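Remarks on the structure that follows.
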Amino acid sequence: MRLRVAGVIVFLYAQPVSRIVRLSIDDVIRDGDTVLLRLGEPASPVPTPVAALLLEHIASRDNMNTATNPASRWLFPGRRAGQPSRPDHLSALLNEVGVPAAAARGAAIRQQLLELPAPVVAEALGYHDKTTTRLRNETGETWSRYAPGDHGRSPTG
């Protein structure tokens, strides 16, 4: 369950594993039937099937039965008291099940940038706007290097 949830967060929200392990259960917001994941502002909506998976993971998180973690708020609690799972450990586990986290994250954010403006992606996913702008330019987004204006008219008017 832990790997499914972590993998979905990588694929849908283009989050690095180092950031995923820092998420707490307080970053999962339930608003009626809607589930949101706080990665940036505003919080991002979670699709219904993924929301069910996320809520199930919260109810049955690993490492909660030890004396050090009975009240852990981490979405991915680690083995050490009060600490989240280690990013390198979670990344290795994801790689073992066929989710190359770094490559998947890169592909996911580039796909987001093909569909949405870079500033919107930056705010929603918690990225810096300069990072999303650079990545958008690398993806070769249509019209990314053209000046705005009416290009249908001739230069003489």
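The values are calculated or read from the model by the stated rules, or taken from the named source; none is laboratory data. Note that the structure is a prediction, hence the values are computed from the model and not measured. Virtual Cβ from ideal backbone geometry, glycine too; neighbours counted across all protein chains shown. What goes into the accessible areas is simple: the full protein's heavy atoms, side chains included, and nothing from ligands, DNA or RNA. Shrake-Rupley method; radii C 1.70, N 1.55, O 1.52, S 1.80 Å.
Observations
- Distance cut-off 24 Å, percentage of C-alpha pairs in segment 1-143 lying past it: 33
- If R0 is 30 Å, the Cβ-Cβ spacing of V97 and N137 corresponds to a FRET efficiency of close to 0.35.
- Here the scattering of segment 1-56 is modelled by Debye summation over its C-alpha atoms, one equal scatterer each and no solvent; at q = 0.19 Å⁻¹ the log10 of I(q)/I(0) is -0.60.
- Extension reserve of the A59-R86 stretch, reckoned as 0.36 nm per residue once the Cα distance is removed: 7.7 nm
- Within the shell defined by Cβ-Cβ distances under 12 Å, the residues around D62 carry a net charge of +3, with Lys and Arg each +1 and Asp and Glu each -1.
- Ordering H57, H89, H128 by accessible surface, largest first, gives H128, H89, H57; the 1.4 Å probe counts only protein heavy atoms, with every chain in place.
- The simple spin-label model puts a point 7 Å past each Cα toward its Cβ; for V120 and I29 those points are separated by 1.9 nm.
- Label-zone membership for segment 1-41, site T48, 7 angstrom Cα→C-beta point, backbone N under 16 Å: 31-36
- Evaluated at q = 0.11, 0.17 Å⁻¹, the base-10 log of the normalised Debye intensity for segment 76-144, with identical point scatterers placed on the Cα atoms, takes the values -0.38, -0.73.
- Neighbourhood charge, 14 Å Cβ-Cβ cut-off, centred on S91 and excluding it, Lys, Arg +1 and Asp, Glu -1: +3
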